[in-house]
Amino acid sequence: MASPKVGIIGIGLIGGSIALGLRKSGWASEIVGIDTNPEHQKKALSLRLVDRIATWQEAIDQVDVFVCAIPVDLLVALIPSVLDALKPGQVIIEVGSTKTPVFEALQNHPKRAQFVSTHPMAGTEFSGPEAAVQGLFVGKRGVICDKELSDPAAVALIEDLYRTGLEMNLIYMGSIEHDMHTAYISHISHICSFALANTVLEKEKNEARIFELASTGFESTVRLAKSSPETWSQIFHQNQENLLDVLDEYINTLLKYKGLMLSGSYEKLKEELGKANDIERILKG
């Protein structure tokens, strides 16, 4: 098979970084950019993220794989429309942080087999075409969800896109399982970073010199608070049930720490903090 032509819908951080990776690896023979924002179109062309710009309707006769990298709230409406127009052999994927809404929207679609649900587990706190990063996905994990619901040939093509085109390591799970896990390892980190940043900013109104003491520890903890509020409010909405469960557990842990401090039980607190050091095992695993 000749190198596929790829249409990337949404040329921001993730879509743009995918374009850079596929261009470097030579996996795609052509990359078509699809974005409704005129500024994004201009930047994507000037940065050579894409070869040309088109609408998805124009690209339907021109590409082999559509990659949807748009906000999660828009995926539910867009993907069924694109699927309706796909010809045999064409494939569409999405790369969003939540899976269940799209899973539910497509479960009765007659062309469901031409869709592959994926999540490349990488990103930064920045957005837009200029945020695209070369090599963002190299060595990272790529998730393929509900593999059994997709055509084997479609899955094989997307597996090759991730392994060969982006140099990722693949794992497999269901959409429901994915959303529970991302609530713990991604979504909670973002909402806590936003909360800490707002807490400090509120205090800074009365303590103007507070940021003179800020160093790398504070910066790394609140880095994610620079992420797009539009994007993350949608993700929190889409994964609300799982995220609320995680927040309850997180708040209970904070209250436990607070109770130990109030009672002067610092030896016990030290034990609790020591348990947290085991996170290194998970991160390196």
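Mind listing whichever residues of region 104-122 are of a type in the set (S, T, N, Q) and assigned to a helix (DSSP H, G or I)?
Matches in region 104-122: GLN114 only.
Looking at region 1-26, which of its residues are surrounded by fewer than 24 Cβ atoms within 10 Å (Cβ to Cβ) and either part of a loop (DSSP other than H, G, I, E, B) or in contact with a Phe, Trp or Tyr (Cβ under 9 Å, 6 or more places away or on another chain) (or both)? Residues satisfying the conditions are MET1, ALA2, SER3, PRO4, GLY26.
Just to verify a result, which residue in region 38-97, among those that are of a type in the set (Gly, Ala, Ser), at pLDDT below 95 and in a loop (DSSP other than H, G, I, E, B), is nearest to LYS111 (Cα to Cα)? Taking the candidates together, the pick is GLY96. Give region 128-150 a look and list any residue that's part of a helix (DSSP H, G or I) and either among the hydrophobic types (A, V, I, L, M, F, W, C) or without any contact (Cβ under 8 Å) to a residue 60 or more places away in the chain (or both), or say none. Once the filter is applied, which keeps residues that are part of a helix (DSSP H, G or I) and either among the hydrophobic types (A, V, I, L, M, F, W, C) or without any contact (Cβ under 8 Å) to a residue 60 or more places away in the chain (or both), region 128-150 yields ALA131, LYS147, GLU148, LEU149.
Just one residue in the set ASP151, ASP179 is at pLDDT 95 or above, over 17 Å from the mean Cα position of the chain (by Cα) and of a type in the set (Asp, Glu); that residue is ASP151. For region 42-58, name all the residues that are touching a residue at least 24 places away in the same chain (Cβ under 8 Å) and either within 18 Å of LEU22 (Cα to Cα) or in contact with a helix residue (DSSP H, G or I) (Cβ under 9 Å, 6 or more places away or on another chain) (or both). Listed by number, the residues that qualify are LYS43, ALA44, LEU47, ARG48, LEU49, VAL50, TRP56, GLN57.
Put simply, of VAL133, VAL116, VAL143 the only residue that is among the β-branched types (Val, Ile, Thr) and farther than 13 Å from LYS99 by Cβ is VAL133.
For beta carbons closer than 6 Å, sequence separation of 6+ or different chains, a first residue in region 151-165 that is closer than 12 Å to PRO4 by Cβ and a second that is not in a helix (DSSP H, G or I), the qualifying pairs are ALA154/VAL91; ALA154/VAL116; LEU157/VAL91; ILE158/ILE93; ILE158/VAL116; THR164/TRP27; GLY165/TRP27.
Only one of the listed residues (ALA156, ALA122, ALA183) is surrounded by fewer than 17 Cβ atoms within 10 Å (Cβ to Cβ) and among the aliphatic types (A, V, I, L, M). That residue is ALA156.
Only helices (runs of 4 or more DSSP H) whose full extent lies in region 218-285 are considered here, and the ones with at least 2 residues that are in contact with a helix residue (DSSP H, G or I) (Cβ under 7 Å, 6 or more places away or on another chain) and either farther than 23 Å from LYS140 by Cβ or not hydroxyl-bearing (Ser, Thr, Tyr) (or both) are 229-238, 240-262, 266-276. Using the structure shown, decide if GLU125 is assigned by TED's automatic domain parsing to the domain that holds ASP64, within 21 Å of the chain's Cα centre (by Cα) and assigned to a loop (DSSP other than H, G, I, E, B). In short, yes.
The values are calculated or read from the model by the stated rules, or taken from the named source; none is laboratory data. Quantities reported herein were computed from a predicted structural model and do not represent experimental measurements. Ideal geometry is used to build each Cβ from the backbone, glycine not excepted, and the neighbour counts take in all protein chains shown.
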